[in-house]
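Heads up: the structure comes next, in structure tokens.
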Amino acid sequence: MSALPFTEYLAGAYEAAAGSLPGARDAAVATRRKAAIEAFRRHGLPNHKLESWKFTGLNALERQQWVLPANDGGVDAVRLTAATLTIDSHRLVFVNGRFDAAASKIGALPKGATLAPLSAAGDALKDALASAGDDRTVSLSELNAALASDGVVLLLDDGVQLDKPVEIVSFGVPALVNLRHLIRLGAKATATVLESYRDGGSSTSAGWTNVYAHVAIGTGAKLTHIRLQAEHDAAYHAALGRVSIGAGARYAHASVQAGAALARHELHVEFAGGDAEVDVRGLVLARGAAHLDHTLFLHHAVPDCRSNQLFKHVVDDHGHAVFQGGIRVAPQAQKTDAQQLSRTLLLADRAQIDTKPELEILADDVKCSHGASIGDVDAQQMFYMQARGIPAAEARRLLLSGFAYEIVTAVPEGALRDYVEAFVEGWLAKNSEKGGAA
Amino acid sequence: MLEIKNLHATVDGKDILRGIDLTIKAGEIHAIMGPNGSGKSTLSYVLAGRDGYNVTQGDILFNGQSLLNLEPEERAREGIFLAFQYPVEIPGVANATFLRSAVNAVRKHRGLADMDAMTFLKTAKAKMKQLQMDEKFLQRAVNQGFSGGEKKRNEVFQMAMLEPALAILDETDSGLDIDALKIVAEGVNALRSPERSAMVITHYQRLLDYIVPDVVHVLSKGRIIKTGGKELALELEAKGYADIVADAA
Ligand SMILES: Nc1ncnc2c1ncn2[C@@H]1O[C@H](COP(=O)(O)OP(=O)(O)OP(=O)(O)O)[C@@H](O)[C@H]1O
Ligand SMILES: [Mg+2]
């Protein structure tokens, strides 16, 4: 236990590190960071008293004396290969919260495209730091703004199409790592981004990755955004994504969470122009004592937009999944179509899910629906497979893989889907080997 | 091959099978007919080992060995195949994946090596051709969105792939059009051999024109109330069950 309160302890860590953070010599950046750590000191970590933090507590974080990552470290080739795409991509690797140039490769970019690590992004650093969370999320996002050591900046001018995916890979370390991303697509630009958070394997002690991503999708632009959280089993992971979507734009997001002891991926999406479409899918694979949370807030602030949320949870052992699906339809947002579905398979007696739709619908001419189902694998389906000679454990694994399929297929076909599918199948196979709770 | 002795079974505490004796020798085909609710599907589930179908008396011997303590997958690997009256849909699992797992589980039990993907595909496509099934059904999720007839054909396709010693067909003819009925019957007949047997549950004599049974049984209220040759099916078709059921009472 630290002698200092948690916030003061981290404020101290900030003071010590400030001089070596990106942009330290830029007065505007330094001012922003200073203000951010002050905001964090005032707010402290979010607690159960906040409605949106009722099911997920961060007390465990306060019991540790966090260090900021050292300035070195690398990742071994085997680990890197296992965690990355087999096709050519623009790959940015972060180890110890810092850009690892040796493991990264940014290919030739079309005119009008900027892709760089935050630490080398020049003036874009200010833009990236400017964004902040709202009341519900301000504390972690400000902590991130104060301490962000690196991240990715992707800026596409109007009409720029990025053919190869952008692949962001972070390897967790036993330290507090703050990564910050800024993704901005101009009108009619298109891009595919894969973020993956992996176990760095350097130690068994827990690290904490705190991610903030600001995403702005211009008019008629299209972003496909895949996220895989597969951190060390003892790690903590908190992420906030703030997404704004222009008229006629499309945002397809798939989030798989299967690692960490405690993780929350919170996503706020704001529609800023009509005829836009959002498809957000999530898959939680929780075993052991993992506590994995998806919290969403989709704000239909304008008319004529469509959103779809589909979240699936496979919870084994005494794992705990949380799904909070917030939808707000503003009074003027007529002709909104907002759908939400949460489905859960609890594989053990002590497995848990808290699933909570939160709909605030203030317009009358809308199509909104939500649903949730919770159960074990279907006995009839099990019998059908067993009656064909398939052993119970394998039948169960096939059924779970079938359950996850709707999420996996949200990922574009090809190397990207193969990557996600291989990960999910690997998890299920490992779970089936340990005997599960079948 | 199959000896059912004084079999009593309950479902949800309710007596459904109330003393069935039935012996099927190798190479024989037995038809089971009987009114709705008489226990035909229940018998097929009990043979396949479904959870919740409790045998309270009697025994089932398959090649001399009791099945009662075997799991459904163990029975399947011993060579029992049940074509379901209502095939189950499995979203997200491709028919090919499902069937390859099944084929390899059975092969493993027989001491054979796994069938590799190429051989599996070749074999599957050949069998599908015989059954006039589109190859697309391999990539579709198991039974999901299949029409009634397509589901039945898929059952027979699985049977053709697994080559069971004892096939139990529970109303595989219902929902099939006349052409499909012939194709499916040919699929069953293709498996006929002195070593293989079948139990064919049906309501219609027509199927038995194509799959000619050695013995026909009438099941009513959980008991076999009459056994005869293939002409018994014709008699039932003409007169219905009323007389036989009344005679048995
Ligand atoms: N879970 C259950 N609980 C209570 N009764 C059941 C249950 N399952 C089946 N039964 C009853 O058992 C009886 C036999 O059903 P079964 O499905 O075996 O009939 P069947 O001969 O196959 O009929 P059909 O010709 O309509 O297919 C029926 O009366 C049915 O309602
Ligand atoms: Mg029946």
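The values are calculated or read from the model by the stated rules, or taken from the named source; none is laboratory data. Quick caveat, the model's predicted, so the values are computed rather than measured. Please note: Cβ atoms are built from the backbone with ideal geometry, for glycine as well, and neighbour counts cover all protein chains shown.
Take the conditions (1) within 13 Å of chain A (Cβ to nearest Cβ); (2) closer than 23 Å to B:V200 by Cβ; (3) among the aromatic types (F, W, Y); B:F98 misses just one of them, which is (2). Just one of the listed residues (A:T7, A:T31, A:T56) is among the polar types (S, T, N, Q) and in contact with an Asp or Glu (Cβ under 8 Å, 6 or more places away or on another chain), and it is A:T56.
Quick check on B:K125: is it more than 16 Å from ligand 1 (Cβ to nearest atom), modelled with pLDDT of 95 or more, closer than 24 Å to B:A185 by Cβ and part of a helix (DSSP H, G or I)? Yes: the conditions hold for B:K125. Of all residues in region A:315-340, those being within 19 Å of the chain's Cα centre (by Cα) and either at pLDDT below 95 or among the aliphatic types (A, V, I, L, M) (or both) number 4.
Among the residues of region B:31-40, those identified as surrounded by 13 or more Cβ atoms within 10 Å (Cβ to Cβ) and within 13 Å of ligand 2 (Cβ to nearest atom) are B:I32, B:M33, B:G34, B:P35, B:S38, B:G39, B:K40. Is it true that some residue in region A:398-410 is closer than 20 Å to B:R100 by Cβ, over 28 Å from the mean Cα position of the chain (by Cα), hydrophobic (A, V, I, L, M, F, W, C) and modelled with pLDDT of 95 or more? No, every residue in region A:398-410 fails to be closer than 20 Å to B:R100 by Cβ, over 28 Å from the mean Cα position of the chain (by Cα), hydrophobic (A, V, I, L, M, F, W, C) and modelled with pLDDT of 95 or more.
Filtered by the rule that a residue be farther than 28 Å from A:L176 by Cα, of a type in the set (A, V, I, L, M) and crowded, with 24+ Cβ neighbours inside 10 Å, region A:217-261 gives A:I217, A:A221, A:L223, A:I245, A:A249. When B:E235, B:E186 are checked against the criterion of being in contact with a Gly (Cβ under 9 Å, 6 or more places away or on another chain) and farther than 25 Å from B:I16 by Cβ, a single residue qualifies: B:E235.
One residue alone among A:D135, A:D157, A:D199 is surrounded by fewer than 22 Cβ atoms within 10 Å (Cβ to Cβ), of a type outside the set (A, V, I, L, M) and within 19 Å of the chain's Cα centre (by Cα), and that residue is A:D199. Selection of helices (runs of 4 or more DSSP H) fully inside region B:149-249 by the criterion of at least 2 residues being within 14 Å of chain A (Cβ to nearest Cβ) and in contact (Cβ under 8 Å) with a residue 24 or more places away in the chain returns nothing. Taken over region A:404-423, the criterion of being within 14 Å of chain B (Cβ to nearest Cβ), over 15 Å from A:A258 (Cα atoms) and touching a residue at least 12 places away in the same chain (Cβ under 8 Å) is satisfied by A:E406, A:A410. Here B:D59 meets the list (1) within 14 Å of chain A (Cβ to nearest Cβ); (2) free of Cβ contacts under 8 Å to residues at least 60 places away in the same chain almost entirely, failing just condition (1).
Every residue, every condition in (1) within 11 Å of ligand 1 (Cβ to nearest atom); (2) surrounded by 18 or more Cβ atoms within 10 Å (Cβ to Cβ); (3) more than 17 Å from B:P164 (Cβ to Cβ), yes or no:
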position	(1), (2), (3)
B:G52	yes, no, yes
B:N69	no, no, yes
B:A76	no, yes, no
B:A94	no, yes, yes
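Taken over region B:1-11, the criterion of being β-branched (V, I, T) and either assigned to a loop (DSSP other than H, G, I, E, B) or within 14 Å of ligand 2 (Cβ to nearest atom) (or both) is satisfied by B:V11 alone. Under the condition of being part of a strand (DSSP E or B) and closer than 23 Å to B:A167 by Cβ, which residue from region B:12-29 is nearest to ligand 1 (Cβ to nearest atom)? Selected residue: B:I16.
Taking region A:169-227 as the range and being aliphatic (A, V, I, L, M), out of contact with any helix residue (DSSP H, G or I) (no Cβ under 8 Å at 6 or more places or on another chain) and more than 19 Å from A:A13 (Cβ to Cβ) as the test, the residues that pass are A:I183, A:L185, A:A187, A:A189, A:A191, A:V193, A:A213, A:V215, A:A216, A:I217, A:A221, A:L223. Considering B:L67, B:L43, B:L61, the condition of being out of contact with any His (no Cβ under 9 Å at 6 or more places or on another chain), of a type outside the set (D, E, K, R) and within 16 Å of ligand 2 (Cβ to nearest atom) is satisfied by B:L43 alone.
Restricting attention to region B:163-175 and to residues that are among the aliphatic types (A, V, I, L, M) and crowded, with 23+ Cβ neighbours inside 10 Å, the residue that is farthest from ligand 2 (Cβ to nearest atom) turns out to be B:A167.
B:P194 meets all of the listed conditions (1) closer than 25 Å to B:K40 by Cβ; (2) modelled with pLDDT under 95 but one, namely (1). Between A:A13, A:A24, A:A28, the distinction of being of a type in the set (A, V, I, L, M) and under 27 Å from the mean Cα position of the chain (by Cα) belongs to A:A13 only. Which of the residues spanning region A:1-38 are in contact (Cβ under 8 Å) with a residue 60 or more places away in the chain, within 19 Å of A:L179 (Cβ to Cβ), outside any loop (DSSP other than H, G, I, E, B) and not charged (D, E, K, R)? Of everything in region A:1-38, those that are in contact (Cβ under 8 Å) with a residue 60 or more places away in the chain, within 19 Å of A:L179 (Cβ to Cβ), outside any loop (DSSP other than H, G, I, E, B) and not charged (D, E, K, R) turn out to be A:L10, A:A13, A:Y14, A:A17, A:V29, A:A36, A:I37. The criterion of being away from chain A (no Cβ under 14 Å), among the hydrophobic types (A, V, I, L, M, F, W, C), within 16 Å of ligand 1 (Cβ to nearest atom) and touching a residue at least 12 places away in the same chain (Cβ under 8 Å) holds for B:I32.
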